[in-house]
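This report refers to the structure that appears directly beneath it.
The values are calculated or read from the model by the stated rules, or taken from the named source; none is laboratory data. Because the structure is predicted, anything quoted here is derived from the model rather than measured. All Cβ positions, glycine included, derive from the backbone under ideal geometry; neighbour counts span all protein chains shown. For the accessible areas, the whole protein counts, side chains as well, though only heavy atoms, and no ligand, DNA or RNA atoms are used. Shrake-Rupley method; radii C 1.70, N 1.55, O 1.52, S 1.80 Å.
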Amino acid sequence: MKPVHSQLPKGARIYLPDEAARKRYVEGRLLDVFARWGYREIVTPTFEFADVLAMGTDLGVQESMFKFVDRETGRMLALRADITPQIARVVATRLRDEPKPVRLAYVTNVFRHDEPQMSHYREFYQAGVELIGLEKPEAEVEVIAMTIEGLRALGLDRFQIDLGHPDFFRGLLEEASADTARHRALRDALARKDASTLERLVRELSPPPHVAEALLALPTLFGREIVLERAGRYAQNPRSTRALANLAEVYRLLRIYGLADSVLLDLGEVRGFDYYSGLYFEAYVSGFGAALAGGGRYDDMLGRFGYDCPAVGFAFDIARALAIMEHQQVPVELPGPDFFIIDFTAEKTAALSLARRLRDLGASVARDIISRGLEESVEYARAQRVHHVLVAGSPRTAAGELLTLDLRRGGERTLTVAEVLADPAKCFEGVGGAGHV
Amino acid sequence: MKNGLTLALPKGRLLDPALDLLRELGVSGIDPDSRKLIFRDAGHDLEILLLKPADVPAYVTYGAADLGVVGKDILLEQEPDVYEPLDLGFGFCRLVVAEPRALWERDDPAKWSWVRVATKYPRLTEAYFSARGIQVEIVRLDGSIELAPLVGLADRIVDLVQSGETLRANGLVEVAEITRSTARVIVNRASMKTEHGAVTQLIDDMRARLGASR
């Protein structure tokens, strides 16, 4: 019979077992980091009423939500396109009285009807945190430090954290009194660091000279600490000045954490403009043209749900992390069963008792159910990344004996079934301990 | 993992001025007449790729090249997610709507409600007409666009013009200008951050060189 290949809708993807294991590894490493910083996991619904989800979501993202009709109420439902507004609502309603700060972590799928690109599909996975109830710059520093620790936990190097603050630009826009259309055009040019278009727009806008100079300098206000000094000359309104002071303080704290080398200041970065109320950052890794993690401050987010409370957070894009790890050839050890038992005897009692005994000690044990030659069975075990093969009833061993093969380190031994049952840990290093054998 | 930077250059009309600029910066070892597509300048630790112009944004977006030189027309058409920090100024041309002279003599663009247009720039064409409330049927072609009206494939074309000579030679008249284009330097978003020093240096050198020759 010919296999029936079903067509996948655009943007949906399958993770085959090895890929799924890699994905699980990345999620596990990140959740470990989050747990070490005292964050607790939260799970939110995959779908909700569309209007409720829309309350905390950017217009652009709202348009990309997958929507369908609730059969109970006839109202529109939507798949979550962003988990942060969901968590904000939960905190604003259900966790309002919890002592602050609240530290929450998640691993989740998110759905957006975007053009798939740069390892980004219409269903994609994120791992991240929300730190709620802290307005001090220590909050930003905590999540930036966690992002860097996450990058290291994934074995990545050659990364940079790009640090920006939308209020520096917002303050300049207010001084220039740009209308919405101009404002949008300026942002588009800045997002591309397109100096020539920016020049034309500023000429048309003709703001006060010091503002014009500042706007034109934005694409180059980008680099190490010196940027703060250069930007200081342009900051003549309270909003821009506050933004710079905030950036300077966060940078100072990052230096104390010993992380300043991983950070670049970028006052011309305006991509997070609609989303973030304060400082925001993105993590880039050499050789991959999109950010693999990002976050920042969104103090207005909880207010949309009736509870004014400051918040910061960040998320990793799991698929991008996987793509970058492959690109940097980060080794990921893929798990396989600890044991594979082949029993040639008619009764199969050795296989049954060994499997039970080893599983009780926490080892993973697969059994060969198909009747085939030893060589074929071992080949199958190798493909499954089995560690130890146990063979009962082999023509090369006596009754009550086991032939054992170590497929990872090589070598074979003959043991008795009785001695393995009596003390598996003595026969196989690591059994009964933590983790793999 | 690579060290140094990779720069993607477009074959065709932008190549000569781009190579002139690089030579002025002391970059050597590029022979555009050979059949090779990759060149190295060891002194500058620079790798040069020669590509079809429309392919430059993809190489830079995905980080196969850190930087690229490409016409603004292509950037507007493809809208790649890259930085474009420098207008090189050369390679000036205009994207225009044109039609045969006979049609032009009795045509009134204000009355267009539906048009069929042959072009290499489907997105820009679509955006231009739909912003004016005109339905457009696009015939996507890859070259010799001027031929389309002559053989009745489409009444009008949207194409790049430099001097206007090709339009005239084919009996076509410009009806409207959609946009103007010059060559730009584009930069991969991650390279801008992770290779910040080297990228900024190269762009500053180019900018200084352009300033000096103007």
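For the reader, a short list of remarks on this structure follows.
- Test: residue in the stretch A:110-130 that is over 26 Å from A:Gly289 (Cβ atoms) and open to solvent by less than 30 Å² (accessible area, probe 1.4 Å): yes
- Subset of the stretch B:66-121 [farther than 23 Å from B:Thr166 by Cβ and without any contact (Cβ under 8 Å) to a residue 12 or more places away in the chain]: B:Arg106, B:Asp108, B:Ala110, B:Lys111
- Any hit, the stretch B:119-139, residues being among the aromatic types (Phe, Trp, Tyr) and open to solvent by 70 Å² or more (accessible area, probe 1.4 Å): no
- The set of residues in the stretch A:285-301 that are in a loop (DSSP other than H, G, I, E, B) and under 25 Å from A:Asp157 (Cβ atoms) comprises A:Ser286, A:Gly287, A:Phe288, A:Gly289, A:Ala290, A:Ala291, A:Leu292.
For every residue, the table says whether it meets (1) hydrophobic (A, V, I, L, M, F, W, C); (2) loosely packed, with under 13 Cβ neighbours inside 10 Å.
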site	(1), (2)
A:Pro331	no, yes
A:Lys348	no, no
A:Leu352	yes, no
A:Asp360	no, yes
A:Ala363	yes, no
A:Gly373	no, yes
A:Thr397	no, no
A:Leu402	yes, no
A:Val420	yes, no
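- Segments classed as helices (runs of 4 or more DSSP H), wholly inside the stretch B:1-107, with at least 2 members that are in contact with a Pro (Cβ under 9 Å, 6 or more places away or on another chain) and within 14 Å of chain A (Cβ to nearest Cβ): B:56-61, B:72-78
- Scanning the stretch A:271-284 for residues that are touching a Lys or Arg at 6+ places or on another chain (Cβ under 8 Å), open to solvent by 10 Å² or more (accessible area, probe 1.4 Å) and in a loop (DSSP other than H, G, I, E, B) returns A:Phe273, A:Tyr276, A:Ser277.
- Annotation: of all residues in the stretch A:75-106 being open to solvent by 40 Å² or more (accessible area, probe 1.4 Å) and touching a residue at least 40 places away in the same chain (Cβ under 8 Å), the one that is farthest from A:Gly60 (Cα to Cα) is A:Lys100.
- Selection from the stretch B:146-170 of residues that are assigned to a loop (DSSP other than H, G, I, E, B) and either crowded, with 16+ Cβ neighbours inside 10 Å or of a type in the set (Val, Ile, Thr) (or both): B:Glu146, B:Val151, B:Ala154, B:Asn170
- Every condition in (1) of a type outside the set (Asp, Glu); (2) within 13 Å of another protein chain (Cβ to nearest Cβ); (3) more than 17 Å from the chain's Cα centre (by Cα); (4) surrounded by 23 or more Cβ atoms within 10 Å (Cβ to Cβ) is met by A:Gly287 except one, and the failing one is (4).
- Residue match in the stretch A:196-219 (condition: outside any helix (DSSP H, G or I) and within 14 Å of chain B (Cβ to nearest Cβ)): no
- The set of residues in the stretch B:52-72 being touching a Phe, Trp or Tyr at 6+ places or on another chain (Cβ under 7 Å) and closer than 26 Å to B:Ala208 by Cβ consists of B:Ala65, B:Gly68.
- Among residues of the stretch B:187-201 that are within 7 Å of another protein chain (Cβ to nearest Cβ) and in a helix (DSSP H, G or I), those with a beta-carbon under 6 Å from a residue that is among the basic types (Lys, Arg) and open to solvent by 40 Å² or more (accessible area, probe 1.4 Å) at least six positions away or on a different chain give the pairs B:Thr194/A:Arg158.
- Selected residue (criterion: nearest to B:Gly4 (Cα to Cα)) from residues of the stretch B:34-49 that are exposed (fewer than 12 other Cβ atoms within 10 Å of the Cβ) and in contact with a strand residue (DSSP E or B) (Cβ under 9 Å, 6 or more places away or on another chain): B:Ile38
- In the stretch A:37-55, residue farthest from the chain's Cα centre (by Cα) [restricted to those that are assigned to a helix (DSSP H, G or I) and free of Cβ contacts under 8 Å to residues at least 60 places away in the same chain]: A:Asp51
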